[in-house]
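*Asks:* First, the structure itself, so that you have it in front of you.
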Amino acid sequence: MAIKVRYNGLEIDGNLLSLYSGTFHYWRSAREDWDSIFDQIKVLGFGVVETYVPWAVHELSEGEFDFGATDPRKDLDEWLSLAEQKGFKVLLRPGPCINSEMPDFGYPERILHDPAYYALDNLGAPVVLSHQTSSFAVPSYANEKLFEQFDVFLSELAPTVQKHLHPNGCVVALQVDNELGYFFREGAYDMDYCEASLKLWSHFLDLKYRKIGELNKAWGVKLASFEDAPAPRRNESSDLKGLRACLDWVEYKEYQILWALTRLAELYRSRGLGSVPFFHNFYGLFTTPYNVAEIESDAGIDFCGLDCYPHADSADWAVNQARYLTNTSRLAYFPEYGAGSWPFGFRVRDVHDQASTMLAPIMGGARGINFYMLVERERWLGSPLSNQGKPHAAMAPLYERFNQFLKDSEWQKAAPLNQGLILNSRESQ
């Protein structure tokens, strides 16, 4: 691989690229504004941009896609070509989930409305995600049918991405899904009890114990096969052997995430997209079922980061996230770090919040930050650039100063000084 993941960025053909970047969603701005937006992003000091590639935006109907032929805003090929002309490197995030404050989180409605894909809660009911833009039953990532459907989209997308992959183009890394991890429902018994997940649970137990007798000994039961092992739906244990089954279920919840990311990484590689590093993001927490070290070790993901949207009074959370990543990940990276904010249901981040938190990840040792979003759009306010690329008088200078600081301090050359060991018992959580 010509691109190697280092602790302080991506080594590309012997040169270090720091991952300090910002988000610009091509389909959310008019095609005629792309040129000026790219120019203004460069004025802010960024040389790397990031975007999602939403399945739902490009799919017109099952098996039919628009990549610019009908709507010029969807012309990803042209957007990437323009990025190359302007001298940018690009981080691409094709999903299948993108969230991005979209009503469908990037999935076609036909997927979200089909009971065949539903994840189930511990009572057997569909798990419904409710937020300000919509509510829908979330799909199960244990369901192979979901991957088969996404692969149809990926096969249509792949030729465009291949054309722009390094070394021939600007794309230097691909994100495999977005915040894959039970749709913010991280409780041990929240989900997933659909048929596909219970089948994967049996497979996990087989991998762990190998012989049903070993499971029987650990659980204090007499089961004939791993398929007979019930999935705990709440903690009812009164002794250590009863607790063992619950701890196995918690461990399985981590395994399902690893399994799903591994499966998606396989799809990306099968479509000829494996020549650049893969990365992933969790939505901020680093407790079970999210396990950065395991994902990087076993899922075919090159580096994994955390998302963060701190206010001035919670900057210490970003510092602690960075400390965790510095001691856990190959590259301590924030795939999403708040630039502006979603103005529905959350306290809006203002200029003071932005100014007070911009250096927090660096204080904790982070070596890469993607500011989400650099360009305003629907359901997102307070970014340094408007949807047409006009600089925000108060916000834009913060990003110029940030990038100037990185340059003046030669931050690329700074080396980490690790003086401690963090021990975190995942089972006790």
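*Asks:* Surrounded by fewer than 17 Cβ atoms within 10 Å (Cβ to Cβ) and either more than 21 Å from the chain's Cα centre (by Cα) or modelled with pLDDT of 95 or more (or both): which single residue out of VAL57, VAL43 fits that description?
*Replies:* Being surrounded by fewer than 17 Cβ atoms within 10 Å (Cβ to Cβ) and either more than 21 Å from the chain's Cα centre (by Cα) or modelled with pLDDT of 95 or more (or both) holds for just one of VAL57, VAL43, which is VAL43.
*Asks:* Within region 163-182, which residues are open to solvent by 20 Å² or more (accessible area, probe 1.4 Å) and either within 19 Å of LEU146 (Cβ to Cβ) or under 21 Å from the mean Cα position of the chain (by Cα) (or both)?
*Replies:* Result: GLU179, single match.
*Asks:* Taking region 88-116, which residues are among the β-branched types (Val, Ile, Thr), closer than 30 Å to GLY47 by Cβ and over 12 Å from the mean Cα position of the chain (by Cα)?
*Replies:* VAL90
*Asks:* Please indicate, with yes or no, whether at least one residue in region 251-273 is over 20 Å from SER197 (Cβ atoms), open to solvent by less than 40 Å² (accessible area, probe 1.4 Å), free of Cβ contacts under 8 Å to residues at least 12 places away in the same chain and not in a helix (DSSP H, G or I).
*Replies:* No; the residues of region 251-273 include none that is over 20 Å from SER197 (Cβ atoms), open to solvent by less than 40 Å² (accessible area, probe 1.4 Å), free of Cβ contacts under 8 Å to residues at least 12 places away in the same chain and not in a helix (DSSP H, G or I).
*Asks:* While we're looking at this one, here's another question. Go through region 196-240 and give me each residue that's in a helix (DSSP H, G or I), among the hydrophobic types (A, V, I, L, M, F, W, C) and either in contact (Cβ under 8 Å) with a residue 40 or more places away in the chain or open to solvent by less than 90 Å² (accessible area, probe 1.4 Å) (or both).
*Replies:* If the condition is that a residue be in a helix (DSSP H, G or I), among the hydrophobic types (A, V, I, L, M, F, W, C) and either in contact (Cβ under 8 Å) with a residue 40 or more places away in the chain or open to solvent by less than 90 Å² (accessible area, probe 1.4 Å) (or both), then ALA196, LEU198, LEU200, TRP201, PHE204, LEU205, LEU207, ILE212, LEU215, ALA218, TRP219, PHE226 are the ones that fit.
*Asks:* Could you count how many residues in region 251-264 are out of contact with any His (no Cβ under 8 Å at 6 or more places or on another chain) and within 11 Å of PHE147 (Cα to Cα)?
*Replies:* Here the count works out to 3.
*Asks:* How about region 101-150: which of its residues are open to solvent by less than 50 Å² (accessible area, probe 1.4 Å), of a type in the set (Ser, Thr, Tyr) and free of Cβ contacts under 8 Å to residues at least 24 places away in the same chain?
*Replies:* Scanning region 101-150 gives no hits.
*Asks:* Condition first: under 29 Å from VAL49 (Cβ atoms), modelled with pLDDT under 95 and not in a loop (DSSP other than H, G, I, E, B). Now tell me which residues in region 125-181 satisfy that.
*Replies:* Of everything in region 125-181, just one residue is under 29 Å from VAL49 (Cβ atoms), modelled with pLDDT under 95 and not in a loop (DSSP other than H, G, I, E, B), namely LEU129.
*Asks:* A further question on this structure: Kindly list, by first and then second residue, each pair from a residue in region 299-319 that is open to solvent by less than 30 Å² (accessible area, probe 1.4 Å) to a residue that is assigned to a loop (DSSP other than H, G, I, E, B) and of a type in the set (Val, Ile, Thr), limited to pairs with Cβ atoms under 9 Å and residues at least 6 apart or on different chains.
*Replies:* CYS304/THR328
*Asks:* Every residue in region 295-320 that is of a type in the set (A, V, I, L, M) and assigned to a helix (DSSP H, G or I), please.
*Replies:* Within region 295-320, ILE295, ALA312, ALA315, ALA318, VAL319 qualify.
*Asks:* Counting only residues that are among the basic types (Lys, Arg) and over 22 Å from the mean Cα position of the chain (by Cα), which one in region 344-399 is farthest from LEU91 (Cα to Cα)?
*Replies:* ARG347
*Asks:* Could you please find all residues in region 1-32 being at pLDDT below 95 and assigned to a helix (DSSP H, G or I)?
*Replies:* none
*Asks:* Please go through region 93-124 and pick out each residue that is touching a helix residue (DSSP H, G or I) at 6+ places or on another chain (Cβ under 7 Å) and in a helix (DSSP H, G or I).
*Replies:* The answer is ILE111, ALA116, TYR117.
The values are calculated or read from the model by the stated rules, or taken from the named source; none is laboratory data. All figures in this text were calculated on a predicted structure; none of them were measured in a lab. Glycine gets a Cβ as well: all are built from the backbone with ideal geometry, and neighbour counts include every protein chain shown. Just the protein is used for accessible areas: all its heavy atoms, side chains included, with ligands, DNA and RNA removed. Shrake-Rupley method; radii C 1.70, N 1.55, O 1.52, S 1.80 Å.
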